[in-house]
Amino acid sequence: MISILETTMLAISCILCSVLLGFSNAAPTPTYNVVKFGAKGDGKSDSTEPFIKAWQSACANPNPATIYVPKGRYLLRNTNFRGPCKRKVTFLINGTLVAPEDYNALGNSGFWILFNHVENLVVSGGKLDGKGAAFWNCRRSGKSCPPGARSITFNWVNNLVVSGLTSVNSQVSHLVINTCNNVVVKNVRLIAPEQSPNTDGIHVEGSTGVTINGCTLQTGDDCISIGDASYNLFISNIKCGPGHGVSIGSLGKTVDEKGVENVTLTNAIFSGSDNGVRIKTWARPSNGFVRNVVFQNIVMDKVENPIIIDQNYCPNNQGCPGQTSGIKISQITYLNINGTSATPEAVTFDCSPSNPCRGIKFQDINLTYKNMAATSSCKNIEGTGSGTLVPESCL
């Protein structure tokens, strides 16, 4: 007769066999190597169609799928990775994606690489080379130029992770997040020369729940710019400079803009940038707002305008009746901001005469200019100051 022990051991063995068989029968993650679709990593052959075919295959797979880009340089024209996809797609890049040398090849679309209408997307690693120098020269010359192409754009993408990506020499903005929800951007490097026009690092607009962490941003325009209808942003551990700092705005170009709310920037270093933390609005009527913003734990190193609110933005002094902004700015906190200003005035609050800034909190600020206390100026603002305040608070 079979003993109770033998029966128990037999049952355990059957369970283990079932588990192991289950693991062995589990479908591996489908991987689509762009080279197998005809892409060539020689930097000269047009690989646009092979990339699109790899995307279409991964996007149509009923299981989570990976697109793999091996080492090499892959020339891409305008490339539109469009959803919806059946399951999560991971874009794993070990190589470099290269834009055409002739900036006219990207036309007037405004984008180079575009992801749109996708749920659950990961873009990991790799490098983008936007080949922007010739386009910048065109802009500087005053000639008729196309609008320029953003290097990588995400439109209507939800549950997005962008990690470990490097972008260099974008024609205009490097990375754009537009009308997206639940986004994480981490450990990216976005680099363009200081004098390259409009090469914003990360631009966020119309999006909710965006986290930006551990990024290095060296650009010719804003390191990070935040447009209207942006809510619940958390930005941490960034390095900015050269560039124009972290800007909320410009806002209020149109009357019916939505607002910006719940933004935190913490643990940041600004080095040699034109601005540090900036809120910028057009001096014209608008229903928009900026509220519940925290700038904290920040180091400024020779920054021209470390802290600034500018509600008098009006290029060429056109289209600004009354020269007053309708954007309502409130509940802005500046906490533990230290370092050096490259100009005597380190703090500038130039708020709207018709809609003064309200609820501004200034705590533990220490900003110097040439080893002396910097200065501050305030217009149309209500708030409080506490702790160490250098320059002396003008609130």
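Residue count for the range 177-198, restricted to those that are touching a residue at least 40 places away in the same chain (Cβ under 8 Å), more than 19 Å from THR96 (Cα to Cα) and open to solvent by less than 10 Å² (accessible area, probe 1.4 Å): 1. Give me a count of the residues in the range 104-139 that are over 26 Å from GLY72 (Cα atoms), of a type in the set (S, T, N, Q) and either surrounded by fewer than 16 Cβ atoms within 10 Å (Cβ to Cβ) or at pLDDT below 95 (or both). Looking only at that region, the number is 3. Taking the range 158-192, which residues are within 24 Å of THR90 (Cβ to Cβ), out of contact with any Leu (no Cβ under 6 Å at 6 or more places or on another chain) and of a type in the set (Val, Ile, Thr)? Within the range 158-192, VAL161, VAL162, THR166, VAL168, VAL176, ILE177, THR179, VAL184, VAL185 meet the criteria. Scanning the range 161-176 for residues that are open to solvent by 20 Å² or more (accessible area, probe 1.4 Å) and of a type in the set (Val, Ile, Thr) yields a total of 3.
The set of residues from the range 44-74 being outside any strand (DSSP E or B) and open to solvent by 60 Å² or more (accessible area, probe 1.4 Å) comprises GLU49, LYS53, GLN56, PRO62, ASN63, LYS71. The residue list ASN366, ASN371, ASN380, ASN338 contains one member that is touching a Cys at 6+ places or on another chain (Cβ under 6 Å) and open to solvent by 50 Å² or more (accessible area, probe 1.4 Å), which is ASN380.
Criterion applied to GLY339, GLY326 was being out of contact with any strand residue (DSSP E or B) (no Cβ under 8 Å at 6 or more places or on another chain) and modelled with pLDDT of 95 or more, and the one residue passing it is GLY326. Beta carbons closer than 7 Å, at least 6 apart along the sequence or on distinct chains, pair a first residue in the range 367-395 that is in contact (Cβ under 8 Å) with a residue 12 or more places away in the chain and closer than 19 Å to ILE298 by Cα with a second that is open to solvent by less than 70 Å² (accessible area, probe 1.4 Å) and of a type in the set (D, E, K, R) for ALA374/GLU345; THR375/GLU345; SER376/GLU345; GLY387/ASP364; THR388/ASP364. Restricting the range 140-160 to residues that are open to solvent by 10 Å² or more (accessible area, probe 1.4 Å) and in contact with a strand residue (DSSP E or B) (Cβ under 9 Å, 6 or more places away or on another chain) leaves a set whose member that is nearest to ASP129 (Cα to Cα) is ARG150.
For PHE295, are the conditions met, namely being on the phi < 0 side of the Ramachandran plot, aromatic (Phe, Trp, Tyr), modelled with pLDDT of 95 or more and open to solvent by 30 Å² or more (accessible area, probe 1.4 Å)? Walk me through how you get there before you give the answer.
On the way: on the phi < 0 side of the Ramachandran plot: yes; aromatic (Phe, Trp, Tyr): yes; modelled with pLDDT of 95 or more: yes; open to solvent by 30 Å² or more (accessible area, probe 1.4 Å): no.
In short, no.
In the range 237-263, which residues are more than 17 Å from ASN275 (Cα to Cα), open to solvent by 10 Å² or more (accessible area, probe 1.4 Å) and in a strand (DSSP E or B)? The answer is ASN237, GLU261, ASN262.
The values are calculated or read from the model by the stated rules, or taken from the named source; none is laboratory data. Here the structure is a predicted model, which is why all the values come from computation and not from measurement. Methodologically, a virtual Cβ is constructed for each residue, glycine included, from the backbone with ideal geometry; neighbour enumeration extends over all protein chains shown. In case anyone asks, the SASA skips ligands and DNA or RNA and just uses the protein heavy atoms, side chains included. Shrake-Rupley method; radii C 1.70, N 1.55, O 1.52, S 1.80 Å.
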